[in-house]
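Okay, so here's the structure we're looking at.
The values are calculated or read from the model by the stated rules, or taken from the named source; none is laboratory data. Just so it is clear, the structure is predicted and the values come from calculations on it, not from any experiment. Methodologically, a virtual Cβ is constructed for each residue, glycine included, from the backbone with ideal geometry; neighbour enumeration extends over all protein chains shown.
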Amino acid sequence: MGDPGRRLGPPAAPEPQYAPPQAVGAPPQYQQPQYQQPYAAPVAAAPMSPQDEKTWGMAAHGIALAATVFSGGFLSFVAALVMYLIVKDRGPFVRAHTANALNVQILVGIVFVVSIPLMFVLIGFFTFAAAWVFAVVVHIVGIIKANNGEWWDPPMTPKFVR
């Protein structure tokens, strides 16, 4: 059947090669990894065209409006904040509209928080609903103003973010 000294199965792995030991007390010898490209600083965002600024201004109000409607107003702050952080440095018009959307949502969020304890005396249900309707109306007006290319500050809204 074959050679009795021959093993069946895969061939044996080669013996590992070890580096010679270093002298006791000598620091280990490490090599610096070589990089192909030097580190490049991040590139600043390019400014948008006027049409893109109008579109993103409408999107800031539209996304905050959608989040207000679909989440009952609780996630709209997050939507407005994300929009603000994404496009705030791309142009003055889009920054103004995203800041307006965020300011509206901060104000509405404050009213929501105040309304919750007031619900025990039933007034909170009215203030909560009024804040929700206010946010919906202001965002619809904001969408129209951004589409027309108009600078606009929402009524009764302090400037928390500029």
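Quick notes on this one:
- Test: A135 is touching a residue at least 12 places away in the same chain (Cβ under 8 Å), farther than 17 Å from R162 by Cβ and outside any loop (DSSP other than H, G, I, E, B): yes
- Of all residues making up segment 140-158, the number that are surrounded by 13 or more Cβ atoms within 10 Å (Cβ to Cβ) and touching a Pro at 6+ places or on another chain (Cβ under 9 Å): 2
- Number of the condition not met by F77 [criteria: (1) modelled with pLDDT of 90 or more; (2) under 15 Å from the mean Cα position of the chain (by Cα)]: (1)
- Single residue of segment 113-122 satisfying the filter (over 25 Å from the mean Cα position of the chain (by Cα) and exposed (fewer than 13 other Cβ atoms within 10 Å of the Cβ)) that is nearest to G73 (Cα to Cα): I116
- Some residue of segment 67-74 being β-branched (V, I, T) and either closer than 30 Å to A46 by Cα or free of Cβ contacts under 8 Å to residues at least 60 places away in the same chain (or both): no
- Output for segment 80-112, where each listed residue is small (G, A, S), more than 17 Å from the chain's Cα centre (by Cα), assigned to a helix (DSSP H, G or I) and more than 14 Å from K145 (Cβ to Cβ): G109
- Which numbered condition M48 misses (of (1) outside any helix (DSSP H, G or I); (2) surrounded by fewer than 16 Cβ atoms within 10 Å (Cβ to Cβ); (3) over 17 Å from the mean Cα position of the chain (by Cα)): (2)
- The residue that is nearest to I110 (Cα to Cα), counting only those in segment 138-157 that are of a type outside the set (S, T, Y) and not in a helix (DSSP H, G or I), is M156.
- Segment 52-61 - residue that is of a type outside the set (A, V, I, L, M, F, W, C) and surrounded by 19 or more Cβ atoms within 10 Å (Cβ to Cβ) and, of those, nearest to V104 (Cα to Cα): H61
- Residue in segment 33-45 that is modelled with pLDDT under 95 and either within 30 Å of D153 (Cβ to Cβ) or in a helix (DSSP H, G or I) (or both) present: yes
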